[in-house]
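For reference, the structure is listed below as structure tokens.
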Amino acid sequence: MKRIQFYVILFLISSLIACKKEEANNPDIDDVILNYSAENKNITEEGTFFDLNIDNEGFWDFRFFISNPNDDPNQHSISLSVIDAKYQFLIYTPDDAFSIKKIEKGVIINPSSSIWRGGDNILMYHYFISGDNIYNYGFSDIGEQYIAFRKKNSGGGYFYGWMLVNIERGEKITIKEYALHKIADTPIMAGEK
């Protein structure tokens with residue numbers, strides 16, 4: 001009887017250890033929790049902007065701009081400008097407008113990922129009404145979504161990474177988290193840490 005109790009206790013302990021076992025983070029990936037938010041509280045075309053420096057290498061890396069085109073509270077635009085030329089974001093080009101490409105968790109981000117772009121006015125969210133036409137680009141404003149970015153390595157090549165963002169009502173953006181692989185030209189999966 002004692003032997004059965006011993007095995008039952010041993011089984012329970014090993015089950016608890018297995019349940020508590022957490023997935024270890026990849027030591028070659030820098031994962032940073034930001035929870036950095038900005039909101040446009042003024043319904044104007046001038047809007048609100050905020051600058052973000054993720055690498056602490058001097059000046060700002062990115063500028064996010066939130067506005068209401070035509071001073072219309074029903075029209076929303078959130079765009080990204082890359083200030084530090086070392087960075088680029090994965091985009092696609094719907095209707096000739098440069099829009100950031102949202103990706104699903106687990107998607108592999110690597111050198112062969114489609115179109116990369118830096119510079120100004122990369123649309124993240126755009127809801128614009130003109131006459132009978134509605135233009136809706138980029139993110140939905142429901143839930144957390146991933147975007148891919150890369151940083152130029154001083155020795156050549158790129159470090160690949162992802163950002164987890166949330167957009168609410170077309171008027172608020174939160175950069176929740178990002179991760180960047182430390183080894184140049186090495187793929188990373190969206191959400192991988």
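The values are calculated or read from the model by the stated rules, or taken from the named source; none is laboratory data. Values in this document were obtained by computation on a predicted structure and should not be read as measured data. Here the Cβ positions follow ideal geometry from the backbone for every residue, glycine too, while neighbour counts run over all protein chains shown. Please note that ligands, DNA and RNA were not included when accessible areas were found on the heavy atoms of the full protein model with its side chains. Shrake-Rupley method; radii C 1.70, N 1.55, O 1.52, S 1.80 Å.
Just a few scattered comments:
- Consider region 17-32 and keep the residues that are hydrophobic (A, V, I, L, M, F, W, C) and assigned to a strand (DSSP E or B). The one that is modelled with the lowest pLDDT is Val32.
- Evaluating Glu192 against the criteria (1) open to solvent by less than 60 Å² (accessible area, probe 1.4 Å); (2) in a strand (DSSP E or B) leaves one unmet condition, (2).
- Taking region 124-160 as the range and being part of a strand (DSSP E or B), more than 20 Å from Val107 (Cβ to Cβ) and not basic (Lys, Arg) as the test, the residues that pass are His126, Tyr127, Phe128, Ile129, Ser130, Asn133, Ile134, Tyr135, Asn136.
- Test: residue in region 103-115 that is in a strand (DSSP E or B) and closer than 22 Å to Asp51 by Cβ: no
- Within region 169-189, being open to solvent by 40 Å² or more (accessible area, probe 1.4 Å) and either free of Cβ contacts under 8 Å to residues at least 40 places away in the same chain or not in a strand (DSSP E or B) (or both) holds for Arg169, Lys182, Ile183, Asp185, Pro187.
- Of the candidates Asn56, Asn35, the single residue that is of a type outside the set (A, V, I, L, M), in a loop (DSSP other than H, G, I, E, B) and within 21 Å of Leu164 (Cα to Cα) is Asn56.
- Checking each residue in region 113-141 for being within 14 Å of the chain's Cα centre (by Cα) and either aliphatic (A, V, I, L, M) or open to solvent by 30 Å² or more (accessible area, probe 1.4 Å) (or both) picks out Ile122, Leu123, Met124, Ser140, Asp141.
- The residues listed here are Ile115, Ile103, Ile108, Ile122; of these, the one that is in contact (Cβ under 8 Å) with a residue 60 or more places away in the chain, within 18 Å of Leu80 (Cα to Cα), out of contact with any His (no Cβ under 8 Å at 6 or more places or on another chain) and not polar (S, T, N, Q) is Ile103.
- Scanning region 95-104 for any residue that is of a type in the set (Asp, Glu) and farther than 30 Å from Asn68 by Cβ turns up nothing.
- Of residues in region 82-96 being in contact (Cβ under 8 Å) with a residue 24 or more places away in the chain and open to solvent by 20 Å² or more (accessible area, probe 1.4 Å), the one nearest to Asn153 (Cα to Cα): Lys86
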